[in-house]
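All remarks here apply to the structure that follows.
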Amino acid sequence: MTPMADLTARNTLGFTVTANHAVSIGHPDEIAPALTQAKASNETWRVLGGGSNAVLPNQLDGLTMLMDIQGIAILNSDSDSDSISTQIEVGAGVNWHELVQWTLQNDLPGLENLALIPGTVGAAPIQNIGAYGVEIKSFIQEVQAYDTKNEKWVSLNNQDCAFSYRHSVFKNDLSRYIISKVIFALPKQWTPRIGYADLQQYFAGQATDTMTPDAIFSAVCAIRQRKLPDPRLLGNVGSFFQNPIISNESLKKLQQQYPQIVAYREGADQHKLAAGWLIDACGLKGYRHQHVGVHDQHALVLVHYGGGDARELLELANLIQAKVFERFGIQLQIEPIIF
Ligand code: EPU
C-alpha cells in the first residue's frame, strides 16, 4: 500500500489529486484482501481505471484501488470453428484504445467505431461506452466481477448487466461490483457501420462494400481528433452530460420554437436530443469559469485549463444545467462519475 499517492496523472481532467492510500490491483486475487483491509481499518474505498470518466476531489480519503489487471486472450479453440463469434477475455486494466488496435491487428474487427475512447476495459461496461452508432453492449458476452455485497466472485452475462444508454447495473451502485475481466464476443461476420452523420460525410461517394475495418478506424480517429480535445493537451472527460431522451410529443413542442434543434430517433416513442446543441444554443460555447470552461469547438465537453479543481467544474456544470433548464425546460444529467 502506498500512502499519499499523487493521482494527478491518473485523471484526464488533470486535477491535482492526492489519495490517502492507493494500491495497484494487478491480479484479481488482490481485490478481496485489499477490501478486507479497508473494512478492518474502517476506510471507504473506490476503484479507479484510467480516470477518464471521473471527476476527482483534491483529496481522496480511504483506499483507492488502481485497476491495473492486464492481459488479452482469445478463448476459442480450433474445435470452435463453427461458432459465429470469437471470444476474447480482457483484463479490466487494459487500455481501451490499445484493445481496439489489438483486435484489428489480429483480424478481429467490430470495435473500430469505438476507437480512441480514453479509459480502460473495466470502465467500458460501467457506462456502456458508445460512439459513432455503436455501443459496447453489442459485444459484451460476460463480465467477471467481485460482488462486494455477497463477498464472492460472480459472472454477469449480457442480460444481467442491464445495459442502456450510458448506463448499466454497475453504474446503478458503484460500490457493489469490482470488475476484473470482460469477455467480448466479436462476430466473425463483419459489417461496416457508417450510418452516423460524421461517418456518412467522411465516406460520402464511397461504396459500402469497399469499406474496411481499418478505414473506419482511421476515419473515427480523424473525426474524434478534429472535434474532441486531446486530454493529454487539454484536461477533459469527453461528454460531460448525457444526451437527454424525451418523448416525441415534447420534441414536437420544442421544434415549434427551435426548428434547428438536433434530435435522433430513439425507438418508436422517443427522441434523443444533442445536449451539445442545447448548450451551444444558450451561447455557452467557449464560456470560461475560473480555471475551467466549455470547449470552444464542442459545447458538450468541459475543459480544464490548469490550476482548477472539481469544485469549479461542478459550479460550471450547475450553471450550464440552470441555463439549459431555463431555456428548454430540460434537466441535463451529468455523465461522468463524481467521486
Ligand atoms: N452540436 C452543436 N454544438 C456543439 C456540439 C454539438 O450544435 O457545440 C451538434 C452537432 O452539430 C451535432 C450534434 O450536436 O449535430 C451531436 O454532436 P456529436 O456528433 O459531436 O455527438 P454528441 O451527441 O455530442 C455523442 C457521445 C460522444 C460520442 C459522439 C459520437 C454522448 C453523451 N456523447 O456526442 O461520446 O463520441 O456522440 O458518437 O452520448 C463521451 O461519451 O464522452 C463521448 C465523447
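Of the residues 54, 268, 162, the one that moves most in a GNM of the chain with alpha-carbon contacts below 10 Å is 268. For every other residue with a beta carbon closer than 14 angstrom to the beta carbon of residue 296, add +1 if it is Lys or Arg and -1 if Asp or Glu, then tell me the sum. The answer is +3. I want to verify a result. In a Gaussian network model of the chain, Cα cutoff 10 Å, which of these has the top mean-square fluctuation: 164, 83, 239? Highest fluctuation among the options: 83. Please say if the range 165-289 is rounded, prolate or oblate, where rounded means a/c under 1.5 for a ≥ b ≥ c the square roots of the C-alpha gyration tensor eigenvalues, and otherwise the choice is prolate for a/b larger than b/c and oblate otherwise? It is rounded, given that a/c, with a ≥ b ≥ c, falls under 1.5. Taking 13, 254, 174 in turn, the Gaussian network model of the chain (Cα-Cα springs below 10 Å) assigns the largest fluctuation to 254. When 314, 63 are sorted by how many other C-beta atoms sit within 10 angstrom of their C-beta, beginning with the fewest, the order is 314, 63. How would the range 235-338 be classified by its alpha-carbon gyration tensor: rounded, prolate or oblate, with rounded meaning a/c under 1.5 and the a/b versus b/c comparison settling the rest? Cα axes put the range 235-338 in the prolate bin. Taking a Cβ cut-off of under 13 Å around residue 251, the surrounding Lys, Arg, Asp and Glu residues balance to a net charge of +1, with basic ones at +1 and acidic ones at -1. Each residue, residue 305 and residue 150, gets one label point 7 Å from its Cα in the Cβ direction; the gap between the two is 5.1 nm.
Relative contact order, whole percent, for the chain stands at 16, derived from Cα pairs under 8 Å and 6 or more residues apart. For the chain, the Kirkwood hydrodynamic radius comes to 21.3 Å, computed from all pairs of different C-alpha atoms. For the range 54-70, the Karplus equation 6.51 cos²θ - 1.76 cosθ + 1.60, evaluated at θ = phi - 60°, returns couplings of 9, 10, 9, x, 4, 10, 9, 7, x, 9, 10, 8, 8, 6, 10, 5, 9 Hz by residue, with Gly and Pro reported as x.
Of all DSSP bridge pairs formed entirely within the range 2-67, close to 25 percent run antiparallel.
One decimal place: the segment residue 208-residue 326 gains 38.1 nm when fully extended, by the rule 0.36 nm per residue minus the C-alpha distance. Distance between the modelled labels on residue 158 and residue 270, one decimal in nanometres: 2.0 nm (7 Å Cα→Cβ projection).
Centroid-to-centroid, using Cα positions, the range 1-72 and the range 128-146 are 23 Å apart.
Using a simple spin-label model with pseudo-atoms 7 Å out from Cα toward Cβ, residue 105 and residue 191 lie 3.0 nm apart. Around the amide H of residue 180, modelled in the peptide plane, lie the amide H atoms of 144, 145, 146, all under 5 Å away and 5 or more residues distant in sequence or on another chain.
Its relative contact order, with pairs defined as Cα atoms under 8 Å and 6+ residues apart, puts the range 23-130 at 25 percent.
Throughout, read-outs are computed from the coordinates displayed, never taken from laboratory work. Values in this document were obtained by computation on a predicted structure and should not be read as measured data. With ideal geometry, Cβ positions are generated from the backbone for all residues, glycine too; neighbour counts draw on all protein chains shown.
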